[in-house]
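The values are calculated or read from the model by the stated rules, or taken from the named source; none is laboratory data. Just so it is clear, the structure is predicted and the values come from calculations on it, not from any experiment. Counting neighbours? That spans all protein chains shown, and the Cβs are built from the backbone with ideal geometry, glycine included. For accessibility, only protein heavy atoms count, side chains too; no ligands or nucleic acids. Shrake-Rupley method; radii C 1.70, N 1.55, O 1.52, S 1.80 Å.
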Amino acid sequence: MMQMPNRLRRPRGAFNILTFLLLIALVVSIWGAWLYVPLMLDHIDCKEVVSQAASSVFLDGPEIAKARAMARLNGSIGWHDALDPTTGQTKRAPGLGIDPDQLTIESDRDSNQVQVRLTYRRTIQLRPFQEWRSFDFAAERALSRP
């Protein structure tokens, strides 16, 4: 086995800038995933709710489909920061906190087409910096009855 010349070897425990930069990149990636992956997973659930609402419009009508979608969006999906009226501070609440005007259902009985659109904004706090960031999301589904 051929040994490397001594001038190319570093002593054990020597500082390596490449290893340091890789560790920093790993920590930043994990922090970013911890912040942003839940938002993306909640958005996937929102797309599913929009698709289910579009499908149920033909069976139940637009009002019932919208009520079911709103109940699911504001009940079991995600969280939002709401202002607590008693303390005046923001508090984490279940659901996305979506207003009824953010979910629109357009139904045309003559052409048997329906379009469901959801637009919403998620605001998160970048910890440990205490900075707030907002992200806009949209989900849309159009269906036509054969």
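A few points about this structure:
- Helix 62-73 and the longest principal axis of the Cα set of the chain meet at an angle near 30°.
- Extension gain (nm, one decimal) between GLU106 and THR86, 0.36 nm per residue minus Cα-Cα: 3.3 nm
- Accessible area expressed per residue, the chain, with surrounding protein chains retained (probe 1.4 Å, Å²): 73
- For the chain, a Gaussian network of Cα nodes joined below 10 Å ranks GLU48, GLU131, GLU63 by mean-square fluctuation, and the top entry is GLU131.
- Percent RCO, i.e. relative contact order, over the chain, from Cα pairs under 8 Å lying at least 6 residues apart: 19
- Comparing mean-square fluctuations of LEU118, LEU35, LEU126 from a GNM of the chain with C-alpha springs under 10 Å, the top value falls on LEU126.
- Across TYR36, TYR120, the residue with the most accessible area heads the list, and the full order at a 1.4 Å probe is TYR36, TYR120.
- The length gained on full extension between LEU35 and GLN125, counted as 0.36 nm times the residue separation minus their Cα-Cα distance, comes to 31.5 nm.
- Legend: residues ASP84, ASP108, sorted from most to least accessible area (1.4 Å probe; ligands, DNA and RNA excluded), read ASP108, ASP84.
- Under the simplified labelling scheme, the LYS47-ARG133 pair shows an inter-label distance of 2.0 nm, with each label point 7 Å from Cα along Cα→Cβ.
- Compared with the dominant principal axis of the Cα atoms in the chain, helix 17-60 is inclined by about 10°.
- Across the accessible surface of segment 55-121, with the other protein chains kept in place and a 1.4 Å probe, carbon and sulfur atoms take up 49 percent.
- Extending 7 Å from Cα along the Cβ direction at ASP60 and again at LEU21 yields two label points whose distance is 5.5 nm.
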